[in-house]
Amino acid sequence: MRYPDGGGLDADERARRERVRLAAAEYFEAGATDREVAERFRVTRMSANRWHRALSAGGRPALASKGPGGAHCKLSGVQLDELQAVLDAGPAVAGWVDQCWTLPRIAEVVRTRFGVDYTLAGLDLLLHRLGWSVQVPARQAAERDEEQIAVWREETWPQIKRRRRTWAPGESSKTSPVRG
């Protein structure tokens, strides 16, 4: 999964960015300006200015990473594992016979089983973090007959389809015919 922490940057990238901020702190402490720090570390002047203000207000601890962004998950790790098992078992086990999970159905399962309310958008984000994606079922007519379709493609279609002309005299438009 791309963002195992729930979105944003992974732990390695957060640590790398923190090292950059702390290295910039050394330059600020040596008297460098925002512009010089921005050029040195290839960041915007706004970022350099924000780092400088944070350093002045709270020292080096103010430049430390605050961890992954976003809201904390409302479900515990055990509950997430249980939800995964429920989803893997299929909707029929949960009481729906048409074998189709929908966000409202999953929200109902989460509400009844865990007592937690999610918005559909929040539940969608949670499912993406768990590795689930939207699947649209293929719709086909109940009367579809694959054998008749194959026969039509082999026998009827070649009779209907004409060979394409490679060249023929014609008109460039209907209003101005070609002069010959």
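The values are calculated or read from the model by the stated rules, or taken from the named source; none is laboratory data. This structure is a prediction, so every number in the text was calculated from the model and none was measured. Ideal geometry is used to build each Cβ from the backbone, glycine not excepted, and the neighbour counts take in all protein chains shown. All accessible areas refer to the heavy atoms of the entire protein, side chains included, with ligands and DNA or RNA removed. Shrake-Rupley method; radii C 1.70, N 1.55, O 1.52, S 1.80 Å.
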**Q.** Residues satisfying the stated conditions in the stretch 104-115, i.e. surrounded by 14 or more Cβ atoms within 10 Å (Cβ to Cβ), more than 20 Å from the chain's Cα centre (by Cα) and among the β-branched types (Val, Ile, Thr)
**A.** 109, 110
Q: Note down all Cβ pairs under 6 Å where the first residue falls in the stretch 123-138 and is open to solvent by 60 Å² or more (accessible area, probe 1.4 Å), the second is at pLDDT below 90 and part of a helix (DSSP H, G or I), and they're at least six residues apart or on different chains.
A: none
Q: Filter the stretch 100-125 down to residues that are among the small types (Gly, Ala, Ser) and part of a loop (DSSP other than H, G, I, E, B), then give me how many there are.
A: 1
Q | Any hit, the stretch 139-146, residues being surrounded by 11 or more Cβ atoms within 10 Å (Cβ to Cβ), part of a helix (DSSP H, G or I) and out of contact with any helix residue (DSSP H, G or I) (no Cβ under 8 Å at 6 or more places or on another chain) | A | no
Q. For the stretch 80-94, which residues satisfy the criterion of being outside any loop (DSSP other than H, G, I, E, B) and either under 19 Å from residue 134 (Cα atoms) or open to solvent by less than 50 Å² (accessible area, probe 1.4 Å) (or both)?
A. 80, 83, 84, 85, 86, 87, 88, 89
(Q) Being modelled with pLDDT of 65 or more and either closer than 30 Å to residue 90 by Cα or aromatic (Phe, Trp, Tyr) (or both) is true for just one of 154, 143. Which residue is that? (A) 143
Q | Among (1) open to solvent by less than 70 Å² (accessible area, probe 1.4 Å); (2) touching a Gly at 6+ places or on another chain (Cβ under 9 Å); (3) at positive phi; (4) not hydroxyl-bearing (Ser, Thr, Tyr), the one test that residue 99 misses | A | (1)
(Q) Looking only at the stretch 31-68, how many residues end up being open to solvent by 90 Å² or more (accessible area, probe 1.4 Å) and outside any helix (DSSP H, G or I)? (A) 2
(Q) Kindly evaluate residue 97 against the criterion of being out of contact with any Lys or Arg (no Cβ under 7 Å at 6 or more places or on another chain), free of Cβ contacts under 8 Å to residues at least 24 places away in the same chain and either among the aromatic types (Phe, Trp, Tyr) or in a loop (DSSP other than H, G, I, E, B) (or both). (A) yes
